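S.K.: So that we are looking at the same thing, I have put the structure below in structure tokens.
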Amino acid sequence: MFRFEGQITLEQVRQHPYLYLPFAVPADASRIHVSYGFSEPVTAPFGNGPGNVVDIGIFDSRGYDFLDPSGFRGWSGSSKPEFFLACDDATSGYIRGPLFPGEWNVILGVDRVEPNGARYEVAVTVETRSEAPSLSPLPRTGEGLGVRDPATQQSALDTQHSRRWLKGDLHCHTIHSDGLNSVEEIVRNAIDLGLDFLAVTDHNTNTHHEELNRLSHLPITLIPGEEVTTYWGHANMWGLREWIDFRCADEDSIQAVRKYVLRKGGLISVNHPKSVGPPWLFRGWDGYPAIEVWQAPWRFHNWESLERWDALLRKGERVVAVGGSDTHSIPPAEPRHPHGLANPTTWVYARASRPARPEALVGRAEPPRPGQAILDAIRAGHVYLTDAPNDTQLILTADTGDGRFETLMGDTISPPKDGRPVRFRIEVRGGMDRRLWLIADGIPIDIRPLDKVESTHDLSLDISRHRYLRAELRGPRGRPERGEVVWAMTNPIWVKNDE
């Protein structure tokens, strides 16, 4: 058994928040068990109040270089006091497989530390057997730990399907990080809610991807994701099956992660940029294609995120607004938050999914990734958000002159050369006793009280001096003195101006 004890000071954390504890694994190792504890842990709900937070994970003998996924074997934050790894099994959030001989490292990450520091204790037990097993290669970390060949997975793009509005949730957690439900429980709940797609984004691990693959026959598109959870902000990554490094302690490292994800063809979003997000403390905002403007019920400080997003739009940053429930538990698990999946709901105009026909995959150098059509539509900004997966709808389109209103949210239009105004159309469902807000360059230009559940509104606007137009559906919720909330919101239609 290996035992590690020590004191982490506030000054050490300021210099670098990660600590590596090396230990030796022999060639005949059959099981590794790790337990740990630390002084004065935070006990208040949602991590509020005083105390320390020390996270834990592990790397094997192939190393722990930044952005190199080869040695990563798991991470559980501070949600699990112990974990194990073996050739054929592991704690959720950790990677089963060969226990390669050599120097392994337990990694401790310090999220919060009191002024007097934090004391830690770590115990590592390595069990052995008399005859060492043959070491077959681990599946590449980028393919999700024993996941079937991607050519057999569900295709998220069937080119024979026409596009339609698909609804889903882009942010939730399971027992593979700090959630309380299995992947299957979460997925089946999404199906019961009528969702067309679901991204599971456990913190700093990709071990849930294997279960997404196992459930890919179900009538829902399952998008692999990871919430890259740093101590200066969180970012959702979608579309890649590999583990994405989270050990970002400065601007250069988070930018390296962003570029890595985008270069690999994934999509990345700044998450919940508000005071209780946790907030986004990195200085840079440029280059992120999406922002989680709406996380959890609207009153959960989402006005802050909306203002941050609109400020970026006014600067000309074409950042797509997305939503995510950030669900951590659903029945029968103990409730951690007063909401569940799809609160809010992200609606995407994309092709529907269905399992790929085997013959359609013949000759393809790279099979389509699960959710690719949905992620492409998000990149294009063909997205609106609602409070729940119900009948609420808010769709903004524009007529470029042929009367067809085919320009969608996220698209770009040019001012007519003859100086005439452009006609916009807003289709509203769920509008009774609410108000339609039309916002150009951050300024409300029209506010319309609604007295019908369904209505269609046209607006003629001289766009020559504007950058964008977007729409919101606002109205009361609960006690009138608490004011309005946003029930639905669109992404903008952009204007191409030479000025």
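S.K.: Select, from V495, V485, V453, the only residue that is farther than 24 Å from D391 by Cβ and either among the acidic types (D, E) or modelled with pLDDT of 95 or more (or both).
M.R.: V495
S.K.: Quick check on the range 407-424. Is at least one of its residues part of a loop (DSSP other than H, G, I, E, B) and of a type in the set (F, W, Y)?
M.R.: The answer is no; no qualifying residue exists.
S.K.: Report, by residue number, each residue of the range 422-434 that is more than 21 Å from A488 (Cα to Cα) and either open to solvent by 60 Å² or more (accessible area, probe 1.4 Å) or within 35 Å of the chain's Cα centre (by Cα) (or both).
M.R.: R423
S.K.: Would you confirm, using the coordinates I've provided, whether L10 is surrounded by 15 or more Cβ atoms within 10 Å (Cβ to Cβ), among the aliphatic types (A, V, I, L, M) and more than 25 Å from the chain's Cα centre (by Cα)?
M.R.: So L10 does not fit the description; no.
S.K.: Inside the range 437-460, can you point out the residues that are closer than 19 Å to P480 by Cβ and either touching a Lys or Arg at 6+ places or on another chain (Cβ under 8 Å) or aromatic (F, W, Y) (or both)?
M.R.: W437, I447, P449, L450
S.K.: Oh, and also: Anything in the range 477-498 that is free of Cβ contacts under 8 Å to residues at least 60 places away in the same chain and exposed (fewer than 15 other Cβ atoms within 10 Å of the Cβ)? List them, or say none.
M.R.: G478, R479, P480, E481, G483, D498
S.K.: Any chance you could count how many residues in the range 309-336 are among the basic types (K, R) and crowded, with 23+ Cβ neighbours inside 10 Å?
M.R.: 0
A quick yes/no check of all residues on (1) open to solvent by less than 70 Å² (accessible area, probe 1.4 Å); (2) more than 18 Å from D310 (Cβ to Cβ); (3) assigned to a loop (DSSP other than H, G, I, E, B):
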| residue | (1), (2), (3) |
| --- | --- |
| L436 | yes, no, no |
| P444 | yes, no, no |
| R448 | yes, yes, no |
| S460 | no, yes, no |
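S.K.: Then there's this: Which condition from (1) open to solvent by 10 Å² or more (accessible area, probe 1.4 Å); (2) closer than 23 Å to V293 by Cβ is the one that G403 breaks?
M.R.: Among (1) open to solvent by 10 Å² or more (accessible area, probe 1.4 Å); (2) closer than 23 Å to V293 by Cβ, G403 violates only (2).
S.K.: I've got another one for you. Which residue pairs have Cβ atoms closer than 6 Å, lie 6 or more positions apart in sequence or on different chains, and pair a first residue in the range 169-182 that is at pLDDT 95 or above and open to solvent by less than 10 Å² (accessible area, probe 1.4 Å) with a second residue that is among the hydroxyl-bearing types (S, T, Y) and not in a loop (DSSP other than H, G, I, E, B)?
M.R.: Every condition considered, the pairs that remain are L170/T346; C172/T327.
S.K.: Residues that are touching a strand residue (DSSP E or B) at 6+ places or on another chain (Cβ under 6 Å) and surrounded by fewer than 20 Cβ atoms within 10 Å (Cβ to Cβ): list the strands (runs of 3 or more DSSP E) wholly contained in the range 32-109 that include at least 2 such residues.
M.R.: Counting at least 2 such residues, we get 82-86.
S.K.: Is it the case that Y231 is farther than 21 Å from T174 by Cα, of a type in the set (S, T, Y) and modelled with pLDDT of 95 or more?
M.R.: In short, no.
S.K.: Do you know which residues across the range 286-308 are of a type in the set (F, W, Y), open to solvent by 40 Å² or more (accessible area, probe 1.4 Å) and under 22 Å from D441 (Cα atoms)?
M.R.: W303
S.K.: Considering only the range 1-45, state which residues are without any contact (Cβ under 8 Å) to a residue 40 or more places away in the chain and closer than 30 Å to A296 by Cβ.
M.R.: Selection gives P41, T43, A44, P45.
So that you can scan it fast, the table gives a plain yes or no per residue for (1) hydroxyl-bearing (S, T, Y); (2) open to solvent by less than 10 Å² (accessible area, probe 1.4 Å); (3) within 18 Å of P17 (Cβ to Cβ):
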{"site": "I223", "(1), (2), (3)": "no, yes, no"}
{"site": "E227", "(1), (2), (3)": "no, yes, yes"}
{"site": "H234", "(1), (2), (3)": "no, no, yes"}
{"site": "F246", "(1), (2), (3)": "no, yes, yes"}
{"site": "D252", "(1), (2), (3)": "no, no, yes"}
{"site": "I268", "(1), (2), (3)": "no, yes, no"}
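S.K.: Would you confirm, using the coordinates I've provided, whether G371 is within 20 Å of the chain's Cα centre (by Cα), at pLDDT below 95, open to solvent by less than 20 Å² (accessible area, probe 1.4 Å) and on the phi > 0 side of the Ramachandran plot?
M.R.: In short, yes.
S.K.: Return the residues of the range 462-482 that are at pLDDT 95 or above and assigned to a strand (DSSP E or B); say none if nothing qualifies.
M.R.: Those that are at pLDDT 95 or above and assigned to a strand (DSSP E or B): Y468, L469, R470, A471, E472, L473, R474, G475.
S.K.: For the range 483-499, give me each residue that is closer than 17 Å to P344 by Cα and in a strand (DSSP E or B).
M.R.: E484, V485, V486, W487, A488, M489, T490, listed by residue number.
S.K.: Can you report the number of residues in the range 13-31 which are open to solvent by 50 Å² or more (accessible area, probe 1.4 Å) and within 29 Å of the chain's Cα centre (by Cα)?
M.R.: Qualifying residue count for the region: 5.
The values are calculated or read from the model by the stated rules, or taken from the named source; none is laboratory data. Computed from a predicted model, the values in this text were never measured in an experiment. Neighbour counts are summed over all protein chains in view; Cβ atoms, including those assigned to glycine, are modelled from backbone coordinates with ideal geometry. The accessibility values were calculated without ligands, DNA or RNA, using every heavy atom of the protein model including side chains. Shrake-Rupley method; radii C 1.70, N 1.55, O 1.52, S 1.80 Å.
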